[in-house]
2 protein chains.
Amino acid sequence: MARFHLPPEQLPTAWFNLLPRLDSPLDPPLHPATREPVGPDDLAPLFPMALIQQEMSPEPWIDIPGEVLDILRLWRPTPLVRAERLEAALDTPARIYFKDESGSPAGSHKPNTAVPQAFYNKQEGINRLTTETGAGQWGTALSFATRQFDMECKVYMVRASYDQKPYRKIMMEVWGGEVVASPIDDPDSPGSLGTAITDAVRDAVTRDDSHYSLGSVLNHVLLHQTIIGLEAKEQLRMAGEDLPDVVIAPCGGGSNLGGLSFPFVPDEGVRLVAVEPASCPTLTEGSFEYDFGDSAGMTPLLPMFTLGHDFMPPSIHAGGLRYHGDSPIVSKLVKEGRMEAIAYPQGKVFDAAIQFANIEGKVAAPEAAHAIRVAIDEALACKESGEAKVILFNYCGHGHLDLAAYDDYLHGRLIDA
Amino acid sequence: MARFHLPPEQLPTAWFNLLPRLDSPLDPPLHPATREPVGPDDLAPLFPMALIQQEMSPEPWIDIPGEVLDILRLWRPTPLVRAERLEAALDTPARIYFKDESGSPAGSHKPNTAVPQAFYNKQEGINRLTTETGAGQWGTALSFATRQFDMECKVYMVRASYDQKPYRKIMMEVWGGEVVASPIDDPDSPGSLGTAITDAVRDAVTRDDSHYSLGSVLNHVLLHQTIIGLEAKEQLRMAGEDLPDVVIAPCGGGSNLGGLSFPFVPDEGVRLVAVEPASCPTLTEGSFEYDFGDSAGMTPLLPMFTLGHDFMPPSIHAGGLRYHGDSPIVSKLVKEGRMEAIAYPQGKVFDAAIQFANIEGKVAAPEAAHAIRVAIDEALACKESGEAKVILFNYCGHGHLDLAAYDDYLHGRLIDA
């Protein structure tokens with residue numbers, strides 16, 4: 001086991017913008033009513049102008065504000081870890097590295113974008129943000145971030161998670177977040193990310209002091225997450241590696257996947273792999289078309305792989321991956337063959353999670369366990385072929401608040417879908 | 001915020017033994033029946049000879065086995081963090097550092113001794129360990145450690161915690177631990193560490209394949225924890241500091257306190273402070289005498305501060321600090337004036353925990369929050385006096401599985417005892 005720490009002064013000071021580096025321009029979002037391309041003014045009721053500009057920016061690099069860096073330094077740079085005990089247990093010639101994003105305040109990669117989103121809103125005089133949360137990771141991150149700038153935060157939490165994960169709700173309240181179950185107008189519905197987005201957007205547009213904040217899917221969100229991949233590149237060099245052969249991350253809306261993988265997109269020969277749950281197979285079985293981000297059709301239409309905005313995913317444990325759509329940039333990369341996508345049922349995912357916990361001592365979030373599954377399979381393929389590949393995956397969060405899922409697995413109650 | 005990482009090759013390779021450096025010898029443990037000093041043979045039914053020798057060793061340094069170092073490297077060296085945002089918020093000239101032990105598999109300092117204890121038992125052919133756990137930290141650590149050496153682990157968990165902390169039980173089961181509520185013969189009792197020790201010892205002495213393992217109090221346990229203070233000393237040098245002015249840690253049985261502070265005992269002028277809960281004030285209000293480690297009087301008698309082995313502490317949230325006795329070495333240091341002790345009611349402790357979470361982004365274990373409380377008070381005293389003291393405290397564990405306690409605090413249900 002070796003851990004590679006970047007010195008504090010090597011914390012990246014600019015985000016990596018993939019937009020101007022794409023082979024062809026991204027198709028624009030369309031207005032939900034007119035189906036015409038939306039302009040900055042259409043988005044202004046929901047987002048501050050700084051984020052709207054980032055959403056469409058042609059700049060290859062975008063500076064990270066000093067006030068944001070000051071807060072990111074609470075947990076960044078995050079460690080890159082070589083999983084040597086896992087390599088030995090698998091008896092593989094592969095070298096397995098993971099980027100450990102679990103040490104952040106929220107326990108995942110989510111605060112990487114929550115902090116700049118809160119900052120830019122505050123700069124434009126907004127004092128209250130609304131958002132949705134599924135597994136609870138995003139709501140926790142935004143509660144932490146808004147607290148740093150003395151802002152209010154209202155979180156619409158998918159009711160199924162609200163009922164099953166009381167600890168996540170408490171963690172949001174520690175940072176002053178106000179948490180309610182969604183959908184608010186149907187207490188009998190378990191809810192979905194789509195319905196919770198509808199609730200949060202409706203709240204924000206009806207109050208002058210409020211904006212809406214999204215934890216994934218949009219370009220500016222994935223932009224903020226590229227700090228993960230930028231650090232990992234430097235740390236692989238510290239570890240004596242050139243480029244990885246394969247980069248693996250779970251994919252719900254695409255934010256941790258984009259964060260780790262986008263800086264490697266220009267590096268030909270580096271395979272990029274998105275892992276999704278078999279029960280919500282957006283990239284592997286969805287269709288590529290314009291669709292709404294929410295269930296009620298209030299958001300702009302985005303060009304993406306989608307299962308349909310009224311798709312109600314089954315209540316699997318990786319709540320962060322239960323989303324009908326996907327980031328337009330990730331969708332484009334998959335459509336054009338630059339990125340691969342693979343889906344796994346959660347039984348095989350938890351097999352890998354338990355193996356990882358036993359060998360490496362880390363209890364992974366169910367989302368992160370999807371990447372562990374594929375990293376192990378790639379390493380086993382290397383054992384067969386004798387190739388000493390370099391495998392990099394995103395350990396995007398810990399599973400300390402997801403232990404009920406492990407309980408289900410250990411006692412045969414996990415629905416293996 | 002600055003974090004100081006020791007390079008992997010500077011992981012300490014020997015433990016610091018305070019025993020031969022004490023001004024006068026420690027009084028010996030006495031046999032529970034004869035009240036004569038116990039010899040190695042008396043302890044052999046419970047512990048392997050290697051640990052019994054460490055318990056009484058005159059050697060100033062004891063080598064850490066390579067097999068143990070290989071596992072400790074999964075999370076060690078742990079970071080030393082300077083809490084610069086906390087300093088700024090308090091407007092203090094003090095410099096506040098904490099040693100972050102929360103990144104271990106169990107989320108606390110406990111695996112530092114669980115791993116060598118499992119190793120030495122396995123070396124002597126023992127394949128099963130029994131133990132007790134209060135808050136659940138220790139049972140989790142031993143479950144992880146025994147799994148590393150293909151051993152069985154049976155954990156007697158204080159019933160009050162067993163009922164209130166289902167996530168802790170699941171985490172033990174992830175690593176193969178078998179968990180039962182204690183006292184096993186009285187399902188109506190909430191239990192205590194004293195009764196759980198009785199259950200675990202009784203199990204171990206009646207089976208040839210089993211030994212007993214204790215997570216605190218004993219000399220060899222605190223010896224294994226000195227790796228914390230040894231690393232911290234080196235890291236303070238990296239940070240440009242000489243010695244700290246004050247070293248602060250919570251105290252239940254004394255293991256995280258001894259681990260951080262013992263390497264500083266020979267450094268005159270370094271204040272050492274033990275923090276305990278006002279509702280279980282062993283060092284501040286107990287009497288110094290020989291007493292049993294468990295409630296039924298099965299263990300040897302130890303010379304220590306004690307509230308009486310039949311003391312039943314109230315059910316406060318810092319379960320790891322609810323113990324009637326204390327480490328004999330810690331007790332001696334306090335009795336002789338080398339170490340200070342202070343007690344706090346849990347309301348003031350959680351005030352500090354929330355302040356720390358908001359400013360530094362870390363949700364502390366209630367045990368760790370006791371140290372945070374005193375570190376903040378010391379820093380505020382420096383503001384008054386204008387002194388730029390160096391304050392070091394032990395962030396001995398995260399509170400991710402203790403969020404119910406935060407919920408009680410936030411909603412006015414915390415009993416402020």
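The values are calculated or read from the model by the stated rules, or taken from the named source; none is laboratory data. These figures come from a predicted structure and were not determined experimentally. Neighbour counts are summed over all protein chains in view; Cβ atoms, including those assigned to glycine, are modelled from backbone coordinates with ideal geometry. What goes into the accessible areas is simple: the full protein's heavy atoms, side chains included, and nothing from ligands, DNA or RNA. Shrake-Rupley method; radii C 1.70, N 1.55, O 1.52, S 1.80 Å.
Filtered by the rule that a residue be acidic (Asp, Glu) and crowded, with 16+ Cβ neighbours inside 10 Å, the stretch A:28-66 gives A:Asp42, A:Glu55. On the given criteria, is A:Arg373 crowded, with 19+ Cβ neighbours inside 10 Å and away from chain B (no Cβ under 14 Å)? Yes; evaluated as a whole, the condition is true for this residue.
Counting only residues that are of a type in the set (Val, Ile, Thr) and either touching a Lys or Arg at 6+ places or on another chain (Cβ under 6 Å) or free of Cβ contacts under 8 Å to residues at least 60 places away in the same chain (or both), the stretch A:238-282 holds 3 of them.
Against the numbered list (1) out of contact with any strand residue (DSSP E or B) (no Cβ under 6 Å at 6 or more places or on another chain); (2) on the phi < 0 side of the Ramachandran plot; (3) not hydrophobic (A, V, I, L, M, F, W, C), A:Glu241 comes up short only at (1). Could you tell me which residue of the stretch A:132-167 is surrounded by the most Cβ atoms within 10 Å (Cβ to Cβ), considering only residues that are within 13 Å of chain B (Cβ to nearest Cβ) and aromatic (Phe, Trp, Tyr)? For the stretch A:132-167, the residue satisfying everything is A:Phe144. Evaluated against (1) open to solvent by 10 Å² or more (accessible area, probe 1.4 Å); (2) within 22 Å of A:Gly337 (Cβ to Cβ); (3) not polar (S, T, N, Q); (4) not in a loop (DSSP other than H, G, I, E, B), A:Pro263 falls short on exactly one condition, (1). Among the residues of the stretch A:8-27, those that are touching a residue at least 40 places away in the same chain (Cβ under 8 Å) and either within 14 Å of chain B (Cβ to nearest Cβ) or crowded, with 16+ Cβ neighbours inside 10 Å (or both) comprise A:Pro8, A:Gln10, A:Leu11, A:Pro12, A:Trp15, A:Phe16, A:Asn17, A:Leu18, A:Leu19, A:Leu26.
Only residues that are facing chain A (nearest Cβ under 9 Å) and open to solvent by less than 30 Å² (accessible area, probe 1.4 Å) were counted in the stretch B:168-184, giving 5. Considering each residue of the stretch B:187-200 in turn, at least one proves to be open to solvent by less than 30 Å² (accessible area, probe 1.4 Å), farther than 30 Å from B:Pro7 by Cβ, modelled with pLDDT of 95 or more and over 17 Å from the mean Cα position of the chain (by Cα).
For the stretch A:268-284, a tally of residues being open to solvent by 10 Å² or more (accessible area, probe 1.4 Å) and part of a strand (DSSP E or B) returns 1.
Selection of the stretch B:403-417 for residues being among the charged types (D, E, K, R) and either buried (at least 18 other Cβ atoms within 10 Å of the Cβ) or at the interface with chain A (Cβ under 9 Å from one of its Cβ atoms) (or both) yields only B:Asp407. Considering the stretch B:332-366, the residues that are open to solvent by 40 Å² or more (accessible area, probe 1.4 Å) and assigned to a helix (DSSP H, G or I) include one that is farthest from the other protein chains (Cβ to nearest Cβ), namely B:Lys335. No other residue among A:Arg95, A:Arg73, A:Arg82 is basic (Lys, Arg), within 14 Å of another protein chain (Cβ to nearest Cβ) and within 30 Å of A:Leu380 (Cα to Cα) apart from A:Arg82. For the stretch B:113-131, check the following and say yes or no: at least one residue is open to solvent by less than 10 Å² (accessible area, probe 1.4 Å) and without any contact (Cβ under 8 Å) to a residue 40 or more places away in the chain. No: the stretch B:113-131 contains no residue that is open to solvent by less than 10 Å² (accessible area, probe 1.4 Å) and without any contact (Cβ under 8 Å) to a residue 40 or more places away in the chain.
Scanning the stretch B:344-361 for any residue that is out of contact with any helix residue (DSSP H, G or I) (no Cβ under 7 Å at 6 or more places or on another chain) and at positive phi turns up nothing.
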